[in-house]
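Remarks on the structure that follows.
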Amino acid sequence: MTTLLLISLVSCLVAVNQASLINRCDLAKVLHQEDLVGFEGYSLSDWLCLAFVESHFNITKVNENTDGSFDYGIFQINSHYWCNDYKSHTENICQVDCQELLSPNLLSIINCVKKIVSGTRGMKNWIKWRLHCAGRPLSYWMTGCHLA
């Protein structure tokens, strides 16, 4: 009986963990539908690379930084500048509650990243994008994805 209960519990935990991940091609479809293709000069491959290096496509990822701020969601939006986490000082430039950036419908986080990349630094706001995506061939991120 204990073994059955343990297996059921582990199964639930695995299902919950997987529920926070989005498939690469499904993300590409959402980003395409939300007009991010070519937005501020960035390709879908740029967006997919950014999502992978920041969160490994984990919609609900939250990371605490050494300065006490937090990064939220698939694009790891920082609470010090972009959203309000009600824990630390924030500029809340996106005018959004940080918890909304963890929503599976992705609309809040997409609206926020549009504001971020519209600024002078574009995707250079993300250190991991600069290190792992910028200036590299990225077309492979779209391999096997059909947007129609």
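Is it possible to state the helix-based mean residue ellipticity at 222 nm for the chain, with each DSSP H run of 4+ residues giving -39500 (n - 2.57), the sum divided by total residues, to the nearest 500 deg cm²/dmol? What is it?
After summing the helix terms and dividing by residue count, I get -12000 deg cm²/dmol.
Please compute the Cα-Cα pair-distance distribution of the chain with 5 Å bins starting at 0, giving whole percents from short to long.
P(r) for the chain, in whole percents per bin: 2, 10, 18, 21, 19, 12, 8, 5, 3, 2, 1, 0, 0.
Under a Cβ-Cβ cut-off of 12 Å, what is the net charge of the residues other than residue 127 that fall near it, where Lys and Arg count +1 and Asp and Glu count -1?
+2
Which order do peptides 26-32, 110-116 fall in by mean Cβ count within 10 Å, highest first?
110-116, 26-32
Readers should treat all values here as calculations from the given coordinates under stated rules, not as data from a laboratory. Model, not experiment: these values are computed from the prediction. Cβ sites come from the backbone with ideal geometry, for glycine too, and all protein chains shown count toward neighbours.
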